[in-house]
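Each reported figure results from applying straightforward, stated rules to the coordinates on display, with no laboratory input. Because the structure is predicted, anything quoted here is derived from the model rather than measured. Cβ coordinates were reconstructed from backbone atoms using ideal geometry, including for glycine residues, and neighbour counts include every protein chain displayed.
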Amino acid sequence: MPDSPPVVEVANLVRKFGERTVIDNLSFTIQRGETLVIMGGSGCGKSTLLRHIIGVIKPTAGSVKIFGDEITTMNDRQIAEVRRRFGMLFQSGALLASLTVGENVALPLSQHTDLSSDEIEQIVTQKLQMVGLTGFNHLKPSEISGGMRKRVGLARALVLDPELLFSDEPTSGLDPIMTAVVDKLTLELTRAEGMTAVVVTHDMTSAFRIATRMIMLGRGRILAQGTPDEIRTHPDPEVQQFINGEADGPMPLNLSQDDHEHHPHVKARPLVSAQHRFRHKMP
Amino acid sequence: MKNFLRLNVSLLYWVLVAPFKGQLFQISPIFRQMVFIGVRATPMVALTAFSIGVTLAMQAAHSLQELGAEIYVPDLVMVTLLREMGPVLIAVIVIGRSGSAVAAELGTMKVSEEIEALEVMAINPIRYLIVPRFIAMLIMLPALTVLGNYIGVFGGWAVCHFALDVTTAGYIIRALESADTWDLYSGIIKSAVFAWLIITIACNAGLHVEGGAEGVGQATTAAVVQSLLAMLVTNAILTALFFFKA
Ligand SMILES: Nc1ncnc2c1ncn2[C@@H]1O[C@H](COP(=O)(O)OP(=O)(O)OP(=O)(O)O)[C@@H](O)[C@H]1O
Ligand SMILES: [Mg+2]
């Protein structure tokens, strides 16, 4: 597997908003068939990182290759070509408010394929069923709940059967059962059908359930990366605090913007205590 | 301004070039916009045009009665209405109704990431969102103007018939004699140019909203003010080109 070229290759990515460095010299690759989970504190730049990978915003410096081609220097038409090959679920869902749920999911099909409206409707119904939404086709996005909007967004991202899926917090706002359904869907698509997935999530149960590899971001850099097992037993107390969800720890509360950048690395706690606090088990 | 020009260039591409490369327009969104921009505006346009026709006739009568030339009221109504008042005031209505709505709608789509989502789905927002509105506006504003002209002439007739000594037959004869087709066409040309200005200014304002609801509000105001100004200045220029010989 590592011999085949990576699906996504991020190298020395830097992004500044004004004076503030949100992404600070980030490098990693994503191999075909992987499920990469990206974690990190709220506001640490996960959504911004995804936006760079899909070419919505240009980096201050560095390179992003997707399917082997540099996306940062492509023109609009080349980017459009690449974008037909992947699906993206936005953190906000980003459904078109003027269209119904069914029309939203159908949109990529009606724009990019020559399928008849019957065929489109059939696919739409099937995709909505996959995310546990049957019989909601005719409602407007404003008439369904936040968690339902998320799942409609996921159905829309999957409707063209992409080989690569970006998913920004697919399970936030979902109940535990729906979370399991969405996770199972991700697992089926990645393990059985070979899709590559990049998932941003705060939900640790879900993260450890679907990941084949994990990256933890902090202060614009990679704090830790590895397999779920490596992350679970990672010596860095900051990582442990995050995956165990504790208020008290090396990551202080209420950091100002400047503190975030200059926060000194806190001395490591004993590994024993870190392992003691571990609560998450693989299913 | 740079954004505005860029929007115009890509609009021209999608309207004039792309259809010959096999990327045809989708008809149903154009019709949906035509209903919104045109059909739904007819009551307001009718009322406006009728009021203008009545007002013009009364003012004309006031001046002409002193000269004993009431018979020329239709002349004044026709020429002023077809050349100036019709296109301008109906454009004002459409700016207030559709220009603001388009700017607000696109602005809301911008801040709620909908436009970004379209781009990420490889759907060109210009093609998908702007082209239907552009074509609908370019068809419907001149159509509304023609409709408004009819109703305005009817308003002028109402004044002549009920308040003045001009017969219906006399009104029709004078009206047809005084106005030539160029008066009508110049008004239609004007309204097509206004349509272009209104819709591109509104779309440009909406597509470049920054920030949240506040930004949408500012963009909407900017769209209305800018299109009013652009429309009035352009009207003066077109009148100079069409009718004024120093
Ligand atoms: N357009 C922008 N202009 C200025 N700053 C921005 C912009 N977009 C993002 N940022 C900054 O980048 C940082 C990261 O934002 P981002 O949305 O990527 O966070 P996140 O990791 O996705 O957080 P969350 O988990 O809450 O979704 C934030 O501090 C934010 O203020
Ligand atoms: Mg985010």
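Excluding A:LEU139 itself, calculate the net charge of residues whose Cβ lies under 12 Å from the Cβ of A:LEU139, where each Lys or Arg counts +1 and each Asp or Glu counts -1. Here the charged neighbours net out to 0.
Can you pull a Stokes-Einstein diffusion coefficient for chain A at 25 °C (0.890 mPa s), Rh from Kirkwood over Cα pairs, as a whole number of µm²/s? Stokes-Einstein gives a translational diffusion coefficient of 123 µm²/s. Each peptide in B:163-169, B:181-187, B:53-59, B:137-143 was scored by the mean count of other Cβ atoms within 10 Å over its residues; highest first, the order is B:137-143, B:53-59, B:181-187, B:163-169. With all pairs of different C-alpha atoms in the average, the Kirkwood value for the hydrodynamic radius of segment A:18-149 is 17.4 Å.
Dimensions of segment B:170-243 along the principal axes, based on C-alpha atoms and rounded to the nearest Å, stand at 59, 25, 14, largest first. For the pair B:ASN3 and A:SER4, how long in nm is the line joining their label points, each one 7 Å along Cα→Cβ? Going from the B:ASN3 label point to the A:SER4 one covers 4.2 nm. Its alpha carbons considered, segment A:40-101 gives a radius of gyration followed by a Dmax of 13.5, 40 Å. If you take all other residues with their beta carbon under 15 Å from the beta carbon of B:MET34, and give Lys and Arg +1 and Asp and Glu -1, the sum is +4. With the charge dipole of the protein assembly as shown set up from +1 on Lys and Arg Cβ and -1 on Asp and Glu Cβ about the Cα centre, the Cα lying farthest toward the positive end among the listed residues B:VAL15, A:LEU128, B:PHE31 is that of A:LEU128. Residues A:THR196, A:THR29, B:THR80 in ascending order of nearby Cβ atoms (within 10 Å, fewest first): A:THR29, B:THR80, A:THR196.
Taking θ as phi - 60° and the Karplus parameters 6.51, -1.76 and 1.60, the scalar couplings of segment B:123-135 work out to 9, 6, x, 5, 5, 7, 9, 8, 4, x, 5, 4, 5 Hz in sequence order, x denoting glycine and proline.
Among the listed pairs A:LYS16/A:LYS150; B:LYS190/B:LYS245; A:LYS150/B:LYS110; B:LYS110/B:LYS190; A:LYS58/A:LYS184, those with a Cα-Cα distance over 26 Å are A:LYS16/A:LYS150; B:LYS110/B:LYS190; A:LYS58/A:LYS184. Within 10 Å of the Cβ of each residue in B:120-130, the mean number of Cβ atoms contributed by other protein chains is 6. Report the residue, chosen from B:PRO87, B:PRO125, B:PRO19, that carries the largest GNM mean-square fluctuation when chain B is represented by alpha-carbon nodes joined by springs under 10 Å. Looking only at B:PRO87, B:PRO125, B:PRO19, the largest GNM fluctuation is found for B:PRO19. Quick one: go through segment A:3-20 and flag any residue whose amide nitrogen is under 20 Å from the point 7 Å out along the Cα-to-Cβ line of A:SER27. Only A:3-16 fall inside the zone, counting backbone N under 20 Å. Per-residue mean of foreign Cβ neighbours for A:50-57 is 2 (Cβ atoms of other chains, 10 Å radius).
Take the Cα of A:THR134, step 7 Å along the line toward its Cβ, and report every residue of segment A:96-117 whose backbone nitrogen sits under 17 Å from that point. Backbone N within reach: A:102. With Cα atoms as the point set, segment B:55-179 shows a radius of gyration and Dmax of 21.6, 70 Å. Length gained on full extension, B:ALA158 to B:THR234, computed as 0.36 nm times the residue gap minus the Cα-Cα distance: 24.2 nm. Taking the Cβ of B:ALA60 as the center, what net charge do the other residues with Cβ under 15 Å away carry, scoring Lys and Arg +1 and Asp and Glu -1? Residues close to B:ALA60 contribute a combined charge of -3.
The share of Cα pairs per 5 Å bin across chain B, counted from zero up to the longest distance, runs 1, 7, 13, 15, 16, 14, 11, 8, 6, 5, 3, 2, 1, 0, 0 percent. When you filter the GluC sites (Glu not before Pro) in segment A:1-81 for DSSP loop state and at most 13 other Cβ atoms inside 10 Å of their Cβ, you are left with A:GLU19.
Peptide A:90-102 has a mean of 4 when you count, residue by residue, the C-beta atoms of other protein chains within 10 Å of its C-beta. I'd like the orientation of helix B:27-37 relative to chain B: the angle between its Cα long axis and the longest Cα principal axis, in ° from 0 to 90, rounded to 10. Approximately 50 degrees, to the nearest ten. Comparing mean-square fluctuations of B:ALA158, B:ALA236, B:ALA219 from a GNM of chain B with C-alpha springs under 10 Å, the top value falls on B:ALA236. Estimated translational diffusion coefficient (Stokes-Einstein, Kirkwood radius over Cα pairs, 10 °C, 1.306 mPa s) of the protein assembly as shown: 59 µm² per second. Annotation: the residues B:ILE199, B:ILE151, B:ILE172, B:ILE188, sorted from fewest to most other C-beta atoms within 10 Å of their own C-beta, follow the order B:ILE172, B:ILE188, B:ILE151, B:ILE199.
Neighbour counts of other Cβ atoms within 10 Å put B:PHE4, B:PHE134 in the fewest-to-most order B:PHE4, B:PHE134. Between A:ASN75 and A:ASP248, what FRET efficiency follows from the Cβ-Cβ distance if R0 is 51 Å, with the result rounded to 0.05? Here the calculated transfer efficiency is 0.50.
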